[in-house]
Amino acid sequence: MLLKKTIKWTGMILLGVGAVSTTLWLTIPRWLPVVAKTYLPEGVSLSLTQPRLQQWGVFIDDIALKSDSCTLANVQQFTFNYQKQQIDSLSFNSQQLTINEGCFSQLSFADKKETAAVPLDIHALLATIPRLSVDINHVSLMDNQRYNGHFQLKSDTNGRLISYQGDNTQIQALIRDNQWLDIKQLKINLPDDNQIELAAEIALPLNVDSLPENGSISTTLLTSHYAYPLVFIAQWQGNSGTISIAEQGGGQALAVLPWNVTAENITIEKGRWEWFGLDQPLRGGVNINIAQWQQGLTGLRLTARLNVMTQGHAGKGNLVMTIPETAINWLDADIPIQLTGIVNKDLMQASAQLPVKVTGMLTDPTIEFQPGSLLRFKGQLTETLTVKDARLPLAGSTLSSKGFNGHLNAIVLAEDTIWGDYRVHFAGRSTDFLPDQGNWQWRYWGEGNLLPLKARWDIAGTGSWVDNMVSFETLNTGFDVLTYQHTSMLAPRLTLLTPFRWLRDDKNPLFEGKLKLTSQRIDFPAGGFLDRADFIASVKGQSPFRFNMKGELNAKPNIGPITINTRWDGERLRGQMRWPAQPINAFQSLLPEKLGITLDNGEFYTQADFSIAPQQGLVAGGHLVVKQGSMWLKDGVLEGLDFILPWRLNGDEWQLGVKQPVQLRIKRVNNLFEMTDITADLQGFYPITEAKPLVLSNVKVAMLDGTISMAKLALPQHEAAIISLDNLELSRLFTLLKVTQFAASGKVSGELPFFINNNQWIVKDGWLANSSYLTLRLDKDFVDSIDDSNMTAGVAMAWLRYLEISRSWTRVNLSNLGELVLEAEIQGKNPLEDKRRQVNLNYRHQENIFQLWRSLRFGSQLEEWLEKSLSDLGSESE
């Protein structure tokens, strides 16, 4: 009986244990999360699928840690194995662990009541870890996929080996003898070709509340922003040590920071640093004191002084940042900082007087600029531009990760040796503004001098910068007068017809707008003018440094439209001008009134290409054409004018006639006497030099029933230009001269060697000769008057009363003072006196030709100018 009862109770107990065990096993997904919640942070829960038994282990499809709004971590295909060999061994394996880093940042940990407890002994904790292995085939970081990898942990009698291997992350560490942490390898490839490598040997502390007694950490940073790998070394013994930064391979020491830790303070005293990654080396000192550090982040009190030393043309500069003893509240900071001093670099100098406060969360702080905050700059910015004074008052504005808020003003006073001096004011207000982010509304005004055009200018307008759109809404700028090479533009003014927009987009940038330039009057050197000119242009491109402009110029009364297209690439302005065919009488105002010319019929057109750059100046070229022009002169008329002018301009040098010479063709000019079939070609350079002469050629004019021509006149002149006279009819000349005492008929020819810049002569050793029989007739009254006064002279004059000349040779010389000397040898017969007797006459005549021209009504402006020019030339030669 006893045996039966024993068996019965034993069976019932075993059945009960089995039932309970089976129930517990089948309900693990229900009760295990409840038990785990006690040990998990508030708001975090555990969930898992039903476990399954395998040989010597347990398999779970899915295990997850969740918060109220997201999944913190998820383990898939988890396997737990137990193996009993000489030493028990545990094995944990998983195919994938997924971690959501963003979800962790959403957790809010509730404060728990602190209870006095013995600090956890690290050595004892490590000794309790059994022999085990953990293998996670793929660790996936949702926000940092580039750092995914394979995790392994092995614990045995030799220590604890931790390994993490990925494409951009390699970590291998060993806990040795439960006393030392050896980081054999820590290598992380950061974006933009940056890299961190770390190796360390650290003596583990006794408990979690104490620091390691001694150790060293060596970290290598490879960055694309610095030419050499940087090595960070931290060494300590007891409560003091140093942190040093240097270039790998024994290069320059960049920082040495001695530190000391006490129960109350962490201090860095007499630290020094240097930086060689910029255009000039920077160096300075560091002094930092962190008090009450053991009270945690909320109890810290910070005192600091840092400075940076610079060197420039103005000498040494020292910029100092000081922080008085201040409580550090990471959630609601209020840290006063004073930034004062000077920074010198090359020819520039910046000075700062910036009292600021750092407020808000230190993970996203706000800098508040206090009253008196001012940045100033001065110095030579480029070879030509010098900033006399640039001021940026910042008082009342704030700066955060969102950008600037408040007033953003600037005052710039500068001088450019090429473009002149100017003073410009900016006044604006910003809202969360950073370049291409936020909103900045502004207005601007200023004035200056434009040296190249000898003008005083002013400017005013409004604009904005909203996100990546920069807009100039209004612009009104003008000059008192623009002057370039004796051409002046009176009171020009530039305004916007549509706002200028600059879309600063990397893929689809855009810069566009429409402007208008007006001028009351344009005066030219010789006395001509344009009355009220308007230039309207549309601008379109990628930025203010790369755009195209298309415009039209119109002027009163009916000049234009003149098309002007330009392109600016940030360094050079290139363009072309096209003036379509127009009647030449539209340009009457371009001719000075003193010329007495009235334009009548004909056609005019021109075009030009140009390029302007600071170093080269103005380079241009084109051609000008007049077809079938006619005009009224003071004393006559000009008809059939054809004129072609190819030209180039390089700075102040003109090239007249490029591939072909300048061509002048005139069918007829009637001014005192008639001239027809006039031709002249011009080719060369101005100003004139020996290497670049100016050549006048193919000069020809038909007049007096003959022709006058000149083959070539080269300037500078080294040999005479021969003016050829061919078969000129004397009767027509004497008729035009209206001489009453005598008359002549017949044709003469000759050559006159012509000089422009001879120190004595205009014509030297010229000659005239008859090319047919000449006839000379003296007025009867003129001869009788001579006979009455002098009988001997009267007999001689009787032979000359009518003379048929068979040979005439005249030597001609004209000085540059206008003295004309004619020496003539004449042979002929007077058939009225004696047909067979030959008359020989030697005649010398001297007269000032300038005075003669006046007496013969050669009083036009052109002749007076020629007289004055030749006379001045003779005076200079003497």
Work out the charge dipole of the chain with +1 on the Cβ of Lys and Arg and -1 on the Cβ of Asp and Glu about the Cα centre, then indicate which of Ser772, Leu385, Phe755 is farthest towards its positive end.
Leu385
Restricting things to alpha carbons, tell me how big segment 579-692 is in terms of Rg and Dmax, in Å.
16.3, 52
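For the chain, what does -39500 (n - 2.57) per DSSP helix run (n ≥ 4), summed and divided by total residues, give at 222 nm, in deg cm²/dmol to the nearest 500? Don't jump to the answer; show the numbers that get you there.
Working: 9 runs with 97 residues, N = 878.
Roughly -3500 deg cm²/dmol at 222 nm, from the helical runs in the chain.
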Taking only Cα atoms, what is the 0 to 90° angle, nearest 10, from helix 791-800's long axis to the longest principal axis of the chain?
60
Total charge dipole magnitude, segment 425-492, about the Cα centre, Cβ charges on Lys, Arg, Asp, Glu only, Debye to nearest 20:
260
With +1 on the Cβ of every Lys and Arg and -1 on the Cβ of every Asp and Glu, the dipole magnitude of the chain about its Cα centre, in debye rounded to the nearest 20, is 2020
Cα-Cα longer than 23 Å, checked against Lys388/Lys454; Lys402/Lys540; Lys556/Lys634, kept in input order, equals Lys402/Lys540; Lys556/Lys634
What whole-number value in Å² describes the accessible area per residue of the chain for a 1.4 Å probe?
59
Label selected from (1) 1.78; (2) 1.40; (3) 1.20, the criterion being Cα Rg over 2.2 N^0.38 Å as computed here
(1)
Have a look at Pro452, Asn813, Leu48 and report the one farthest towards the positive end of the charge dipole of the chain, computed about the Cα centre with Cβ charges (Lys/Arg +1, Asp/Glu -1).
Leu48
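Size of the dipole of segment 468-616 about the Cα centre, Lys and Arg at +1 and Asp and Glu at -1 on the beta carbon, nothing else charged, in debye to 20?
Details: 17 positive and 15 negative charges, 79 e Å.
Around 380 debye, computed over segment 468-616.
Give me the Å³ per residue figure for the convex hull around the C-alpha atoms of segment 468-616.
Numbers: hull volume 18.7 nm³, N = 149.
Spread over its residues, the Cα hull of segment 468-616 gives 126 Å³ apiece.
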Which angle from 0 to 90°, rounded to the nearest 10, does the C-alpha axis of helix 2-26 make with the longest principal axis of the chain?
10
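So if R0 is 60 Å, what FRET efficiency would Asp167 and Glu473 give, r being the distance between their Cβ atoms, rounded to the nearest 0.05? If you can, show how the numbers build up before the last one.
Values: r = 51 Å, r/R0 = 0.86.
FRET efficiency, Asp167 to Glu473: 0.70.
Only sites in a loop by DSSP and with at most 10 other Cβ atoms within 10 Å count here; which GluC sites (Glu not before Pro) in segment 558-628 make the cut? List each step's numbers first, then the result.
On the way: sites: Glu571, Glu593, Glu603; in loops: Glu571.
Loop-located and lightly packed - Glu571.
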Farthest toward the dipole's positive end in segment 468-616, which of Asn468, Gln615, Leu496, given Cβ charges of +1 (Lys, Arg) and -1 (Asp, Glu) about the Cα centre?
Asn468
What is the distance in Å between the Cα centres of segment 158-175 and segment 344-387?
46
So what's the gap between the Cα centers of segment 719-775 and segment 419-488, to the nearest angstrom?
67
Selection of trypsin sites (Lys or Arg not before Pro), segment 378-471, meeting DSSP coil and at most 16 other Cβ within 10 Å:
Lys402, Lys454
Distance from the Cα centre of segment 277-319 to that of segment 491-566, in angstrom?
53
Alpha-carbon Rg/Rh ratio, for segment 466-554, with Rh computed the Kirkwood way:
1.10
Folded to 0 to 90 degrees: helix 861-877 orientation relative to the chain principal axis, Cα
80
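The values are calculated or read from the model by the stated rules, or taken from the named source; none is laboratory data. Here the structure is a predicted model, which means the values were calculated and not measured. Here the Cβ is made from the backbone with ideal geometry for all residues, glycine too, and neighbour counts use every protein chain on show. Protein only, heavy atoms only, side chains kept; ligands, DNA and RNA dropped before computing areas. Shrake-Rupley method; radii C 1.70, N 1.55, O 1.52, S 1.80 Å.
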